[in-house]
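Asker: This is the structure I have questions about; it appears just below.
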Amino acid sequence: MKLYPLFADLSRRAVLVVGGGAVAERKVAALLGAQAQVTVNAPTLTPQLQRWAAAGRIAHRRDAFREAWLERVWLVVAATSDAELNRLIATVAGLRRIFVNVVDDAALSSFHVPAVVDRAPLTIAISSGGEAPMLARLLRERLETLLDHSLGALATLAARLRRRIRLRHPDLAARRRFYESLFAGPVAALLRQGRPGEARLAAERALAAAPAAPVGSVVLVGAGPGDPGLLTLRALRALNEADVILHDRLVSVEVLELARRDAERIEVGKQSGHHHTTQDGIHALLLQHARAGRRVVRLKGGDPFVFGRGGEELEFLRAHGIPYEVVPGITAAVACAAYAGVPLTHRDRAQSVRFVTAHCQSSRDTLDWAALAQERQTLAVYMGVAELGVLQAQLIGHGRAPSTPFALVENGTRAEQRVVTGCLANLAERATFHAVRSPALLILGEVAALAPSLAWFGQPALGATVHDIRAPQAEDPAAADVLAAVHRA
């Protein structure tokens, strides 16, 4: 169920609550906090509801529910233990186009009451769509411990200054920067220390100061291979500070959704055979937006400095005097191997790991194939799906055992992750059979035999069959061990 988040102004507006028990009391308390005009319909009331009725804070109707009571009502809450009565209330309210909440019945409700973190006038509402209210309450409890109570005073101060801030900073980007300094600088610190008078004076001084000319900058951010949970805190902060985001094609939608909503997003991704934006074009965009005073995030899949051309972009920025910084990301080899259950190094199987890219003729011609074919090392091959046949032939031709296990991880760390396993002798054949497409990372080496037994994420590996494995030489006990492991998989 997808709900549209909404904050309703119920001040001096009529609301009907049907039910007089403990649940109804909680609903009435929240409604009174919103200054609603509450009528409670129930034969009996809790002691607290009775006190509110006696004090004139709520109206009380004792007789049975009547549809006529819905005249001029903005909201209805059904909080009785009578399921049929709750259903009736939901039906007649729906016919009158009045929003209704039926306690503990999401299907009958046209609005849900969220768990609330109150830092008035700042309010944070959490909803699970009625499916897991206890989880929403747990999240509220965690947020209560994270959000200082001075945030309410900070929001009030910002509201008082809002018109003057807009006049002082008509440019949206400049206004955003002023608010950020207000919310994260000395003014916020003074409010946390319980010094509201000094905080107000500090805000006045900041507002009166001459606005500084905007200075553009670029942050190279590693987005990881797709799972948004693998972003660093610094990466998340950069995404929420960005005015412009230049992102690769392979950056996941889930990661982009964590960025600031009003940031301009520009896809500059490159795909084998289909270069949407040249590297020179990317450089030009970085320069254009940074010189315009914008904060630019160059968002790259994986890590910017592992086959991400991050070094080239920094050299360009430095040559043109653009301030920059780098936020590392989890590179695909590390993340995909972890999510596939493959340790890149292992005391008994691999003492080293090599990161390799072989996506075109020029890159594969410069590789030291003899060194790559050595045993007891792990190869992590990026962008190599189109060259698997070449990789297979070159490695076997330079002495790597045909029985060497591999794990081919497609869409690693994402919900659609697939892992194809087998041995080097049938690498290209199995990739073709399972229609493996990029993004995919090849892990080749003795450690890959562990994928079927150590995998923990997504679907089980698409393992090799006995017929896919060629018998090792009888005098090669190490290869026999690997072969046995792949057979067991």
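Asker: Return an integer: the convex hull volume of the alpha-carbon atoms of segment 181-290, in Å³ per residue.
Answerer: Convex hull volume per residue, Cα atoms: 121 Å³.
Asker: Please compute the Kirkwood hydrodynamic radius over segment 90-188, one decimal place, Å, based on all pairs of different Cα atoms.
Answerer: This gives a value of 16.5 Å.
Asker: While we're here: Using amide H atoms built 1.01 Å from N in the peptide plane, name the residues 5+ places from residue 265, or on other chains, whose amide H lies under 5 Å from its own.
Answerer: Residues meeting the amide H criterion: 245.
Asker: Can you send over the solvent-accessible area of residue 416, 1.4 Å probe, protein chains only, in Å² to the nearest 10?
Answerer: Looks like 100 Å² after rounding.
Asker: How much net charge surrounds residue 385 when only the other residues with a Cβ under 9 Å from the Cβ of residue 385 are counted, with Lys and Arg +1 and Asp and Glu -1?
Answerer: Spelling it out: positives minus negatives among the neighbours equals -1.
Asker: Using a 10 angstrom Cβ neighbour count of at most 11 plus a DSSP loop assignment to flag exposed chymotrypsin sites (Phe, Trp or Tyr not before Pro), which longest range of the chain is free of such sites?
Answerer: 8-455
Asker: OK, next. Given the options 301, 152, 355, identify the residue whose Cα lies farthest towards the positive end of the charge dipole of the chain (+1 on Cβ of Lys, Arg; -1 on Cβ of Asp, Glu).
Answerer: Selected residue: 152.
Asker: ³J(HN,Hα) across segment 371-380 via Karplus (A = 6.51, B = -1.76, C = 1.60, θ = phi - 60°), whole Hz, x for Gly/Pro?
Answerer: 5, 5, 7, 5, 7, 6, 9, 9, 9, 10
Asker: Using per-residue counts of other Cβ atoms within 10 Å, averaged over each peptide, order 223-229, 161-167, 190-196, 423-429 from highest down.
Answerer: Result, highest mean first: 223-229, 423-429, 190-196, 161-167.
Asker: Once the convex hull of the C-alpha atoms of segment 1-137 is built, how many Å³ does it hold per residue, rounded to a whole number?
Answerer: Convex hull of Cα atoms, per residue: 115 Å³.
Asker: Let me ask you something else. Rounded to a whole number, what % of the accessible area of the chain do carbon and sulfur atoms account for, probe 1.4 Å?
Answerer: 55
Asker: Now a separate question. With the other protein chains left in place, how much accessible area per residue, in square angstrom, belongs to the chain at a 1.4 angstrom probe?
Answerer: Result: 53 Å² of accessible area for each residue.
Asker: Report the local net charge at residue 70: Lys and Arg +1, Asp and Glu -1, summed over other residues whose C-beta lies under 13 Å from its C-beta.
Answerer: +3
Asker: Roughly how tilted is helix 310-319, in degrees to the nearest 10 and between 0 and 90, from the longest Cα axis of the chain?
Answerer: Helix 310-319 and the main axis of the chain meet at about 70 degrees.
Asker: Give me the net charge of residue 369's neighbourhood, meaning all other residues with Cβ under 15 Å from the Cβ of residue 369; Lys, Arg count +1, Asp, Glu -1.
Answerer: With Lys, Arg at +1 and Asp, Glu at -1, the neighbours total -1.
Asker: Now for a different question. Report, in degrees rounded to the nearest 10, the 0 to 90 angle that the Cα long axis of helix 83-95 makes with the longest principal axis of the chain.
Answerer: 90
Asker: Let me ask you something else. With each run of n ≥ 4 DSSP H residues scored as -39500 (n - 2.57), what mean residue ellipticity at 222 nm is computed for the chain after dividing by its residue count and rounding to the nearest 500 deg cm²/dmol?
Answerer: The helix-only estimate for the chain comes to -11000 deg cm²/dmol at 222 nm.
Asker: Let me ask something else about it. Going by alpha carbons, how many degrees (0 to 90, nearest 10) lie between the helix axis of 151-168 and the longest principal axis of the chain?
Answerer: It is inclined by approximately 80 degrees.
Asker: Next question. On each of the three principal axes of the Cα atoms of segment 116-170, give max minus min coordinate, whole Å, ordered largest first.
Answerer: Here the Cα extents, ordered largest to smallest, are 45, 22, 14 Å.
Asker: What residues qualify as long-range amide H neighbours of residue 77, i.e. H under 5 Å apart, gap of 5 or more or another chain, H built at 1.01 Å from N?
Answerer: 16, 17, 18, 101
Asker: When only DSSP loop residues count, what trypsin sites (Lys or Arg not before Pro) in segment 14-66 have their Cβ near at most 12 other Cβ atoms within 10 Å?
Answerer: Hits after loop and neighbour filter: 62, 66.
Asker: For Rg and Dmax of the Cα atoms in Å, which listed value, [x] 30.8, 95; [y] 40.1, 143; [z] 24.4, 74, comes from the coordinates shown?
Answerer: [x]
Asker: In addition: Which ³J(HN,Hα) values, rounded to whole Hz and listed in residue order, are derived for segment 280-287 from phi using the Karplus coefficients 6.51, -1.76 and 1.60 in 6.51 cos²θ - 1.76 cosθ + 1.60 with θ = phi - 60°, glycine and proline given as x?
Answerer: So the Karplus estimates, Gly and Pro as x, are 4, x, 5, 4, 5, 5, 4, 5 Hz.
Asker: Which GluC sites (Glu not before Pro) in segment 53-87 sit in a loop by DSSP (not H, G, I, E or B) and have at most 11 other Cβ atoms within 10 Å of their own Cβ?
Answerer: In loop regions of segment 53-87 (DSSP not H, G, I, E or B), the sparsely surrounded GluC sites (Glu not before Pro) are 71.
Asker: Evaluate the charge dipole of the chain about its Cα centre and quote only its size in Debye, nearest 20, assuming +1 on the Cβ of each Lys and Arg and -1 on the Cβ of each Asp and Glu.
Answerer: 2580
The values are calculated or read from the model by the stated rules, or taken from the named source; none is laboratory data. It should be emphasised that the depicted structure is a prediction, and the values quoted were computed from it without experimental measurement. Note that we place each Cβ from the backbone using ideal geometry, even for glycine, and neighbour counts take in every protein chain shown. Areas reflect the complete protein model, heavy atoms only, side chains present, ligands, DNA and RNA absent. Shrake-Rupley method; radii C 1.70, N 1.55, O 1.52, S 1.80 Å.
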